[in-house]
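Any read-out appearing in this document is the output of simple, stated calculations on the displayed coordinates, not a laboratory observation. Computed from a predicted structure; not experimentally measured. Cβ: placed from backbone, ideal geometry, glycine included. Neighbour counts: every protein chain shown.
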Amino acid sequence: MEQGLPAVKGFIQQVVEAIAAAIGIEVMVFDLNRNIVAGTGETRVQVGHRFNKGSLTGRVLEHGQPLVARTPGQSLECMSCSRYGTCSRYIVAAFPITVKEKVLGSFCLVAINNQQKDIILANEDGLLRFLERMCLLIASAISERQIQQELNIMLNKYDNVVNSVHEGIISTDYVGNVIHLNRSAINLLGIDNEEIIGKQLTKLFPEFPDIKTFTKHKSTEIEISYSLKKKKKRYFLAVVVPVLTGENGNIQGITISFRNLSEVQSYATKLVGYGKYSFDDILGDSQCVLEVKSKLRRAALTDATILIRGESGTGKELFAHAVHNYSRRSQGPFVAINCSAIPESLLESELFGYEEGAFTGARKGGKPGKFELARGGTLFLDEIGDMPLHLQSKLLRVLENHSIERVGGTDTIPIDVRIIAATNRNLEEMIDKYEFRSDLYYRLSVIPVVIPPLRERKEDIFILIKYFLEKYCNKLDRECQILDECARERLYRYPWYGNVRELQNAIEYAISMSEPGQTILLEHLPQSLLAYHDELVNDVELSGDEAKGKGLKDNREPTTRLRAMEIEAIREALKKFGTTTEGKEKAAQFLGISLATLYRRLKDNEIIS
Ligand SMILES: Nc1ncnc2c1ncn2[C@@H]1O[C@H](COP(=O)(O)OP(=O)(O)OP(=O)(O)O)[C@@H](O)[C@H]1O
């Protein structure tokens with residue numbers, strides 16, 4: 001890109017022609033390198049030629065001061081010129097052209113005969129002032145061109161940025177005519193630039209609101225639709241920002257950025273949660289697991305509420321994920337909430353959301369609850385048996401009316417959500433004790449399923465062991481390890497009160513305790529497993545009077561003793577990890593039980609508040 005004088009040489013040539021015609025004297029303009037950029041009369045053919053460094057113009061360029069040679073070729077000013085003594089000029093006056101205090105060229109009046117010399121001498125002062133003005137004129141033309149060039153570079157950069165964003169961007173003038181759209185807008189709408197520039201926005205989006213409604217200095221989110229050529233409709237989520245000017249905020253136009261609604265929804269789903277597991281991820285070929293899978297596959301195709309029962313760690317949540325993924329809602333969110341892990345006071349707002357100002361500390365603008373977040377998808381209500389009674393009634397109303405009201409709000413928000421609930425508590429017993437509403441129970445258990453504990457489907461144990469060995473060796477970048485016969489047998493015999501979760505943790509523990517490639521032995525298994533075995537052996541070895549005599553026998557029932565061991569283990573774990581929420585999470589993981597189970601045990605046994 002040409003810069004400085006050459007960038008405006010066309011304009012300079014016109015100026016010098018006009019001056020020469022008006023005053024009858026030849027004019028020459030030089031750039032910073034002493035090249036003639038423009039010239040009149042006989043100097044016109046010299047355009048592009050370069051003058052020597054010692055010439056009058058060379059010196060003006062070097063020192064930035066005007067010079068006048070009254071007898072060129074003889075005067076003092078010309079002594080350093082290579083043409084000194086031979087110069088045919090009658091008089092030469094040269095002025096510097098300066099932009100931002102930098103000399104960029106020179107402007108010269110040249111008399112090539114006596115007549116022109118007389119003209120200059122007759123009005124020398126006036127002509128020199130005129131020359132000065134002309135230099136300013138050319139300087140401002142150069143500045144203007146520079147600004148224009150910088151502006152073009154900026155516009156190019158802006159265009160690149162606007163075209164590289166994923167969102168479609170459209171801007172309009174103050175009556176809503178499209179003045180610009182970026183590449184993504186063209187792609188999203190499948191139209192050509194020419195088809196839409198200058199047209200009304202409503203030609204694209206027929207239901208678009210009148211742009212005069214966007215008068216506030218803030219952005220507005222709206223949903224817009226566009227009919228493709230084959231009459232197919234596309235939906236977008238758009239953010240409209242008005243361009244306002246002046247104190248009155250007169251609208252100059254609007255800018256709309258938009259993206260596919262389905263894409264936005266899928267991002268939201270990823271943020272909120274999605275169904276991670278499918279039925280194929282649920283291992284086990286025991287008759288009961290196969291039956292539950294087959295029943296839930298059929299149930300997944302409906303929208304009926306499902307109640308999954310089973311001990312902690314049996315895979316209730318896993319099955320809920322699989323149902324979601326197998327259902328028509330698989331592209332929607334999968335949102336899980338554990339009713340026992342959230343303090344009672346917060347559970348209501350977590351489930352139903354709240355409006356701004358609903359309570360002290362409520363977030364500005366309010367907050368959507370899990371029901372709203374799960375829209376179009378599945379809401380998994382884990383540990384439903386721990387839901388307080390007043391929320392049970394509210395939940396029942398939601399299930400019946402398919403709508404919610406946020407805490408502190410009055411609007412009814414329609415909800416399209418499939419509910420899967422789960423519990424390991426005896427709901428029937430709870431109903432008898434008025435701890436669980438029977439009407440909610442019937443509403444939830446439209447499709448009831450029970451996942452049996454692992455100890456009742458021992459044939460699944462080896463399949464699960466093999467899978468977890470592969471999984472955790474893989475995680476540690478190890479060759480898959482195997483178990484020796486004793487360790488296998490011990491794992492098989494263990495009652496797995498923590499079910500698959502406990503088994504999974506036991507295998508992870510054993511792998512961590514063994515060397516890469518080593519066969520896993522008894523000694524690598526968790527202490528709780530080994531202790532259980534020792535306890536059983538003691539039971540057999542020390543029975544009856546003999547044990548009593550030694551004062552060693554614990555006369556409690558084995559289950560009571562197991563429970564005592566469990567409480568002891570919980571105490572030990574809390575000592576190790578602390579009683580903060582984080583400590584409890586770590587303790588639960590260490591023990592191979594869910595956080596909810598840990599809380600329940602703490603509550604049942606009044607270990608800590
Ligand atoms: N059949 C199975 N195949 C593979 N993994 C399983 C299976 N069942 C459970 N798991 C794994 O065991 C762990 C516990 O499962 P999940 O959380 O679904 O149990 P849960 O019954 O919902 O437990 P809780 O009642 O304590 O919340 C998870 O890591 C899950 O992936």
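Overall form of the chain: prolate. Here a/c, set by the Cα gyration tensor axes a ≥ b ≥ c, is 1.5 or more, and a/b is the larger of a/b and b/c.
Applying a threshold of 27 Å to the alpha-carbon distances of Lys295/Lys458; Lys316/Lys471; Lys394/Lys433; Lys370/Lys471 flags Lys370/Lys471 as lying beyond it. The overall shape of region 353-393 is oblate: from the C-alpha gyration tensor, with semi-axes ordered a ≥ b ≥ c, the ratio a/c is 1.5 or greater and a/b is no larger than b/c. Overall shape: oblate for region 1-76, with the ratio a/c of the largest to smallest alpha carbon gyration tensor axis at 1.5 or above and b/c at least equal to a/b.
The C-alpha atoms of region 5-147 occupy a region whose extents along the principal axes are 43, 30, 28 Å, arranged from largest to smallest. Overall, region 5-147 carries a charge dipole of about 360 debye about its Cα centre when +1 sits on the Cβ of Lys and Arg and -1 on the Cβ of Asp and Glu, all other atoms neutral. In plain terms, the residue of Val37, Val243 with the fewest other Cβ atoms within 10 Å comes first and the most crowded comes last, giving Val243, Val37.
Arranged from fewest to most other beta-carbon atoms within 10 Å of their beta carbon, Lys316, Lys584, Lys458 become Lys458, Lys584, Lys316.
Straight-line cross-link reach from Lys584 at under 12 Å between alpha-carbon atoms covers these aspartates and glutamates, not counting any fewer than eight positions away in the same chain: Glu572.
Span-like helix check, the chain: qualifying full DSSP H segments, with Cα axial length of 24 Å or more and mean Kyte-Doolittle of -1.0 or more, are 124-164, 558-577. Amide H contacts of His180: Ser171, each under 5 Å away and 5 or more positions distant or on a separate chain (H built 1.01 Å from N in the peptide plane; Pro and chain starts excluded).
Here is the list for region 417-478: chymotrypsin sites (Phe, Trp or Tyr not before Pro) lying in DSSP coil, each with at most 10 other C-beta atoms within 10 angstrom of its C-beta, are Tyr434. Overall, the ratio between the Cα radius of gyration of region 107-259 and 2.2 N^0.38 Å, rounded to two decimals, is 1.78.
In plain terms, the chain from Ser143 to Thr215 could stretch by 22.1 nm, reckoned as 0.36 nm per residue minus the Cα-Cα distance.
Sorted fewest first by neighbouring Cβ atoms within 10 angstrom, Thr245, Thr71, Thr40 come out as Thr245, Thr71, Thr40.
Among DSSP beta bridges lying fully in the chain, give the percent that are antiparallel, nearest 5. Beta bridges within the chain, antiparallel portion: roughly 70 percent. Placing unit charges on the Cβ atoms only, positive for Lys and Arg and negative for Asp and Glu, gives the chain a dipole magnitude near 1760 debye about its Cα centre. Once Rh for region 273-452 is found with the Kirkwood sum over Cα pairs, what is the Stokes-Einstein diffusion coefficient at 37 °C and 0.692 mPa s, in µm²/s? Value of D from the Cα-based Kirkwood radius: 197 µm²/s.
Listed peptides 494-506, 41-53 appear in the order 494-506, 41-53 once ranked by packing, highest mean of other Cβ atoms within 10 Å at the front.
Applying a DSSP loop filter and a limit of 16 other Cβ atoms within 10 Å to the trypsin sites (Lys or Arg not before Pro) in region 176-219 leaves Lys199, Lys216, Lys218.
Note on region 180-241: semi-axes of the ellipsoid equivalent to its C-alpha gyration tensor, largest first and rounded to whole Å, are 21, 14, 11.
The sum of -39500 (n - 2.57) across all DSSP H runs of n ≥ 4, divided by the residue count of the chain, sets its helix-only mean residue ellipticity at 222 nm to -13500 deg cm²/dmol.
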